[in-house]
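Here is the structure we will look at.
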2 protein chains.
Amino acid sequence: MIYFDNAATGGFKPRAVTDAAENVIRYLSANPGRSGHRLSVTGANIVYNCRSIAAEVFGGTPERVIFTKNCTEALNIAIFGTVNRGGHVITTVYEHNSVLRPLYSLQKQGIINFDTVDDTDKDMISAIEEKIRPETYLIVINAVSNVTGKILPVQEIGALAKKHNLLFIVDGAQAGGHIHINIEKNNITALALAGHKGLYGIMGSGMLILSETANVTPLLYGGTGSESFSLSQPECYPERLESGTLNLPAIAALSEGLRYIKNNMINFSETVYEHTARLLDGIYDISRVKCYSKPNPAGIVSFLIEGMESSEAADILNNEFDIAVRGGLHCAPLIHKKLGTSPDGLVRASLSVQNSAREIDFFIKAIKKICER
Amino acid sequence: MIYFDNAATGGFKPRAVTDAAENVIRYLSANPGRSGHRLSVTGANIVYNCRSIAAEVFGGTPERVIFTKNCTEALNIAIFGTVNRGGHVITTVYEHNSVLRPLYSLQKQGIINFDTVDDTDKDMISAIEEKIRPETYLIVINAVSNVTGKILPVQEIGALAKKHNLLFIVDGAQAGGHIHINIEKNNITALALAGHKGLYGIMGSGMLILSETANVTPLLYGGTGSESFSLSQPECYPERLESGTLNLPAIAALSEGLRYIKNNMINFSETVYEHTARLLDGIYDISRVKCYSKPNPAGIVSFLIEGMESSEAADILNNEFDIAVRGGLHCAPLIHKKLGTSPDGLVRASLSVQNSAREIDFFIKAIKKICER
């Protein structure tokens, strides 16, 4: 199979990643840090180690690296945990439902209202700044669109947030492992990440990286192994936001994934960029094909074949060519509305550095064959 | 090492469980059910399969088996998701902080108030019934105390809840795999379970089993792969309560764990009961030892050595005898207050069916040696 669905879950895992997960599953089945015995202490060290590497990669301190089950949980903690008395939020049309649905639920409850800006008529920075009002307290954006692969200007939006004293939450689901993001340099209050995409971890892992100034109300309350006498959730991080047993196999794997990208990301990003350029080059001139992506380091190429539903095209690619892509709306409805591709959506091929030029060329041929019918 | 910390995380995993997790990690790294391609469809089948087995074991329908990252998340979804306009809640002194802290946070916000009942002076049923008021809407109990191993009368409390038309949430963290619980037979609205304890799954897995009548507001909002055009969370289960990428390795493992206990639980429970009886028998007469458990099928034996902090005893067992137990409060502060063992806590040995009589006898000798110093 040619696996071009890496934006959903990365298809390739380094041997160190799978070994780390398996080692925990087979030999270290014990709650990390909850007891004082050898296995529990070893587990706690693995967890701390992962926090440290994450802080090296994304900035901040190990104590403010919060482990979650996926990027969605991280975003929900960040959005609901900073809402306080509510107010006005600015977000973009590029967002995933993991941002839009939490915001919409808060709006329906009358706690916030939010604007979704786009950058059709003006640049994103101006579009956002124009919407800032006295009651605005938060900007939330995804760093890379999961539909088009477009990179949003995180650095500049962070500076804008700082200038206006706003919180700044970044959805790094498609950015982690592909582009550099640093919570300090980019003035990010909370950065949400998926472990199982560009960071080479396994499913069941996500992170929320908090700035020193972030003050986040928990979404989950429960046992933390600390201050157990108290019915209040501990104030200190990470315990404040991490209740219940952690997913040790996934955290051990994520450590290795982070190590893998730490020194390789620049090279990887260049290769992935070239992959998307090659793919776009190959399909751009095919009549019936309409592309919605530009070359990008996140590996995302979305397009449609005129006269064919995106799900049909994806099915043909799977059934006849054994190529895995994803059709539909990719859980990001507003960008499809903007692109005029709603409700049918687009075919998304999402590539990783491990995909080969040969796979891309085979894919291009497949698209040609489908279009020539 | 002798591993007697199975109530935190089960130490033994059947080969089928570890193989299932590893198979997904190595060969099935793709989002279950999000795309239409082969890997995604295979993943979706694994997930549905696990829902089906869980419903066979605990009652209900596959669609109302909600996968969570741990039992704590399941309890938080159940408690926060059914609070509606608030009111009065009845719980017990046996509860874990995964129940007490959510309730306490709701009480601090003025949304609910709650009573914690105990069964010192009267039986639990009468103690609960006495506290029911017109504004009471919920009873929440753990089925088995994680501190003493005491089994609460789930069946009778369920009948009481039904009689008074109350919601009934059960924390099955220590019960799953050890005693029979069925949401229909026991009139349970929502049953929360840990995957990595008595159900033989791996860390990162939990479940919430909902009754047909349960109506639960989501705690997490996000992508579900369904109704992606809508900014509202889907109404239908399980999507309503499952946002973001599922933990496929853990779910695949849990299927095998559930299969493992499905036909063996009665035998297992008998053996575990005998294990605890043997252990209690062996330490009961040691001077300085005070026991707080009775023989039970959950494998939990708590005790203290007079004149020694529980953490010190646990450390000696680990360092000198290579035995893993857990000291302290076990995240259940109120039961320790009731027992008079707060704030120092107890030594908890938690056994599984895979522990041997020989290990238990070695443990008894170790306790004797420690007490004779």
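What separates the A:Tyr27 label point from its copies, with the point 7 Å along Cα to Cβ, is 2.4 nm, written shortest first.
Charging the Cβ of each Asp and Glu at -1 and of each Lys and Arg at +1, and nothing else, the dipole of region A:15-262 about its Cα centre rounds to 480 debye.
Just to confirm the number: angle between the C-alpha axis of helix B:71-81 and the first principal axis of chain B, 0 to 90 degrees, nearest 10? Once rounded, one gets 50 degrees. For B:Arg38, neighbours were defined as the other residues whose beta-carbon sits under 14 Å from its Cβ, and their charges (Lys and Arg +1, Asp and Glu -1) total -2. Once the Cα atoms are used to define both axes, helix A:15-27 deviates from the longest principal axis of chain A by about 40 degrees. Between the beta carbons of A:Arg133 and A:Ser356, assuming R0 = 51 Å, the FRET efficiency works out to 0.55 to the nearest 0.05.
On a per residue basis, the convex hull of the C-alpha atoms belonging to chain B measures out at 132 Å³. Pairwise inverse Cα distances across the protein assembly as shown, averaged and inverted, put the Kirkwood hydrodynamic radius at 26.4 Å.
Between B:Lys185 and A:Thr213, the modelled labels are 5.8 nm apart [label points 7 Å from Cα along Cα→Cβ]. A dipole drawn for chain B from +1 and -1 charges on Cβ atoms has a positive end, and of B:Gly172, B:Ile364, B:Val301 the residue lying farthest that way is B:Gly172. Largest first, the extents of the alpha carbon coordinates of region A:196-283 on the three principal axes equal 62, 28, 25 Å.
Each part gets one Cα centre, and for region B:236-292 versus region A:142-209 those centres are 39 Å apart.
Treating r as the C-beta distance of A:Arg15 and A:Lys368 and R0 as 51 Å, the FRET efficiency rounds to 0.90. Counting Cβ atoms of other protein chains within 10 Å of each Cβ in A:213-222 and taking the mean gives 5. Under the convention that each Lys and Arg Cβ holds +1 and each Asp and Glu Cβ holds -1, the size of the dipole of region A:184-338 around its Cα centre is about 300 debye.
Selection among B:Gly328, B:Thr276, B:Gly257 by position relative to the dipole of chain B gives B:Gly257 as farthest towards the positive end (Cβ unit charges, Cα centre).
For region A:141-257, the Cβ-based charge dipole about the Cα centre amounts to some 420 debye (Lys, Arg positive; Asp, Glu negative; other atoms uncharged).
Mind pulling the angle between the C-alpha long axis of helix B:310-321 and the longest principal axis of chain B? Nearest 10 degrees, somewhere in 0 to 90. The two axes meet at around 80 degrees. Tell me the distances, shortest first, between B:Ser52 and the same position across the other copies, using label points 7 Å along Cα→Cβ, in nm to one decimal. Computed spacing set for this position: 4.7 nm.
Computing FRET efficiency as 1/(1 + (r/R0)^6) for B:Asn319 and A:Asn49, where r is the C-beta to C-beta distance and R0 is 30 Å, gives about 0.85. By the beta-carbon count within 10 Å of each Cβ, the least crowded to most crowded order of A:Thr82, B:Thr276, B:Thr68, fewest first, is A:Thr82, B:Thr276, B:Thr68.
Determine the percent antiparallel among the DSSP beta bridges restricted to chain B, to the nearest 5. That works out to approximately 45 percent antiparallel.
If you take the alpha carbon atoms of region B:73-131 and fit the smallest convex hull around them, that volume is 85 Å³ per residue.
Convex hull of alpha carbon positions in region A:86-244: directionally averaged projected area 10.3 nm². Taking the label point 7 Å along Cα→Cβ, B:Ser226 and its counterparts in the other copies are spaced 3.8 nm apart, in ascending order.
Taken together, the values in this text are just the output of simple stated rules run on the coordinates, not laboratory data. Computed from a predicted model, the values in this text were never measured in an experiment. Please note: Cβ atoms are built from the backbone with ideal geometry, for glycine as well, and neighbour counts cover all protein chains shown.
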